[in-house]
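Enquirer: To start, I am sharing the structure in question, which I have written as structure tokens.
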Amino acid sequence: MEKKEIVKNCYYLEAEKYKDGFDGWLGILEHKKQVPFAIKRVYFIYNLVNHENVVRGKHAHKQLEQAMFCINGSCDIMVDDGVKREKIKLDKTHTGLYLGPKLWHEMRNFDNNCILLVLASDFYDAGDYIRDYQKFIEHIKNDSPGGGGPLFLTDLKM
Ligand code: T46
């Protein structure tokens, strides 16, 4: 799949598909092939009680790279690089998203039985999270002079 950025540091990933005769499909994710970073951690979001109202994420990472695949059901992911914001529906098992660092993201509209599989480039580190949107904007401004931008908290809509 073409690596066309949706917003900065975010693009679609495609798992390799293998059709196993009458025995179903196999999805394959491998470092340097379908996933651009070495995978150190895997976690999954599932069993979402009150799934219609669940909001996950609402943060950015300073360094962490992640790949997300909705391997069952669907959900929406809002990605915001500080300048541009897009909402993406993940509803195909084999099509996922690469989320690089410095990207505000929020996941909503989970459907029943949604399972979001996440591959991460590093171990869990609470210090890598920016959980305040204004601090995220400051962080990217400091990081790239002239960067960061015109968005305000009141623009947050999904
Ligand atoms: C992200 C989105 C997509 C751990 O101890 N280890 C882990 O690997 C993770 C992911 C979480 N936790 C603990 C930390 C918190 O006490 O689990 C609790 C809930 O984590 P959080 O509020 O970060 O959950 P989400 O779903 O909002 O965010 C998670 C990831 O943390 C984050 O990196 O990008 O999923």
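Enquirer: Restricting to region 53-74, and then to whatever is of a type outside the set (D, E, K, R) and on the phi > 0 side of the Ramachandran plot, can you tell me which residue is farthest from the ligand (Cβ to nearest atom)?
Expert: Only one residue fits best here, namely GLY73.
Enquirer: Further question: Report, by residue number, each residue of region 127-137 that is more than 12 Å from LYS62 (Cα to Cα) and surrounded by fewer than 18 Cβ atoms within 10 Å (Cβ to Cβ).
Expert: Once the filter is applied, which keeps residues that are more than 12 Å from LYS62 (Cα to Cα) and surrounded by fewer than 18 Cβ atoms within 10 Å (Cβ to Cβ), region 127-137 yields ASP132, GLN134.
Enquirer: I'm trying to understand the selection: among the residues of region 83-115, which are more than 13 Å from the ligand (Cβ to nearest atom) and farther than 20 Å from LYS3 by Cα?
Expert: ASN109, ASP111, ASN112, ASN113
Enquirer: In region 1-41, what residues are more than 23 Å from TYR124 (Cα to Cα), touching a residue at least 24 places away in the same chain (Cβ under 8 Å) and among the small types (Gly, Ala, Ser)?
Expert: Across region 1-41, the qualifying residues are ALA15, GLY27.
Enquirer: Out of the residues in region 10-61 meeting the condition of being β-branched (Val, Ile, Thr) and within 21 Å of GLY73 (Cα to Cα), tell me which one is surrounded by the fewest Cβ atoms within 10 Å (Cβ to Cβ).
Expert: So the residue we want is VAL49.
Enquirer: How many residues are loosely packed, with under 14 Cβ neighbours inside 10 Å and in contact (Cβ under 8 Å) with a residue 40 or more places away in the chain when one looks only at region 98-126?
Expert: Number of matching residues: 5.
Just so you know, all these numbers are worked out from the coordinates, no wet-lab data involved. Remember, it's a predicted structure, so these values are computed and weren't measured experimentally. Quick reminder, even Gly has a Cβ in these numbers, built from the backbone with ideal geometry, and neighbours come from all protein chains shown.
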